[in-house]
Amino acid sequence: MDPRGFPTTLSEFTKVFPDDTACRVYLEKMRWPDGFVCPYCGRKGEPYRFPTRPTVVLRCRACKKNTSLTAGTVMHSAHTPLSIWFWGAYLVTTQTPGQSAMQFQRQLGLSRYETAYMILQKLRAGMVRPERDTIGGEHAVEVDEVLIGGKARGAGRGNHHKVYVLGAVEQHVRKAGEDRAATGRFDDYEGGKPLKRPVYAGRLRLQVVPDRKAATCEAFVTSHVTPGSIVKTDGWQGYDNLAETCGFTHDGLAMNADHELTDAHLPLIHLVFSNLKAWILGTHHGVSQNHLQAYCNEYVFRFNRRFYPMTAFNSVLGIAARTMPPTYESLYSGEWTHPTGAKVA
Ligand SMILES: [Zn+2]
């Protein structure tokens, strides 16, 4: 379970959201943490409920007006049950990424492919918008470029259908004395024991670019990295003027630095690139150049929210972010008893 109380595994998810009622309760809590308030007359208090209705409507006891729980969200005006939307949002925002509509249909047990496709498209729309704010500042930023294989009909081998993607990722340094014992993947050893890296990734930006000329590299860094940040790069000449012309503190390698040295200098962006490639090739079997930016944005969305599953989940469903934890901690703290009577662990 996420420390803020949001499910992070399938089994937790099914306990927290076992049915449509649980989803309805969640939506209601998100919108009115302190109980229903009629948006028409402002009356506070328990509304009328219609458990047999497929649409989720609350009716004010004073003015008798109906309020839809899904208004303003991607779930609005669809006949799909809330639990299906919730499942879908969980699947697209977790780190096991990239569902095809076919896989999605199977996983959600939907009879119609079109429904799966529609849900997937609506949920993905929330992920493919580019992230606008700059990264860096107090954290150094690793910048590098990678060639991603495009897919073109009848294309031969070679680089001519590959596309450059520029990436920038924040390098966060672990605090001195922080427990670095690793359980899963690990990179360092100390006394025969696996250790987490001394640095870990913060926020990420990815952009499809036509080439890796200096003007392109400089424009990318300038638009995505906070002015004055430390920018770490390899020895590629496209980054040569980051300090002089663009005002960054440039920490670049010598032009012919070997692979090992470059990997030590830019561990995080290299990891991002290899995962990005594996995802695009593995899940999507290559992507046409036109769609690559959208896939990059989706990757960035998930990456930047990997520690905030609730934010990612709410965001793709279109649930307003104005109501955030800690108000909801109580919901899943274990003290909250589910409407079905099941205690949430
Ligand atoms: Zn009212």
> What is the distance, in nm, between label points placed 7 Å from the Cα along the Cα-to-Cβ direction at Leu195 and at Gln237?
Replying inline: 3.9 nm
> In units of 2.2 N^0.38 Å, what is the alpha-carbon radius of gyration of the range 207-311?
Replying inline: 1.19
>> Suppose the chain between Asp19 and Leu261 were pulled fully straight at 0.36 nm per residue; how much longer would it get relative to their current alpha carbon spacing?
In response: 81.9 nm
>> Suppose each label sits 7 Å from its Cα in the direction of the beta carbon; what would the Arg106-Asp34 distance come out to in nanometres?
In response: 4.9 nm
> Under a straight-distance cross-link criterion of Cα-Cα below 14 Å, which aspartates and glutamates are reachable from Lys44, leaving out those fewer than 8 residues away in the same chain?
Replying inline: Glu28, Asp34
> Thr222 to Val209: extension gain in nm, 0.36 nm per residue of separation minus the Cα-Cα distance?
Replying inline: 3.3 nm
> Regarding the range 1-148, what is the average projected area of its C-alpha convex hull, in nm²?
Replying inline: 13.0 nm²
> Hey, with R₀ at 56 Å, roughly what FRET efficiency would Ala176 and Cys63 work out to, going by the Cβ-Cβ distance, to 0.05?
Replying inline: 0.40
>> I'd like to check one number: the per residue accessible area of the range 197-315, probe 1.4 Å, reported in Å² as a whole number.
In response: 47 Å²
> Along the range 12-28, what does the Karplus equation 6.51 cos²θ - 1.76 cosθ + 1.60 (θ = phi - 60°) give for ³J(HN,Hα), rounded to whole Hz, x for Gly and Pro?
Replying inline: 5, 4, 5, 6, 6, 10, x, 7, 4, 4, 4, 5, 4, 4, 4, 4, 5
> How would you order 8-16, 253-261 from highest to lowest mean count of nearby Cβ atoms within 10 Å?
Replying inline: 8-16, 253-261
> Given labels modelled 7 Å from the Cα in the Cβ direction, how far is it in nm from Glu114 to Phe50?
Replying inline: 2.6 nm
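The values are calculated or read from the model by the stated rules, or taken from the named source; none is laboratory data. All of these numbers come straight from a predicted model, not from anything done at the bench. Cβ: placed from backbone, ideal geometry, glycine included. Neighbour counts: every protein chain shown. Remember, those area values only see protein heavy atoms, side chains included, never the ligands or the DNA or RNA. Shrake-Rupley method; radii C 1.70, N 1.55, O 1.52, S 1.80 Å.
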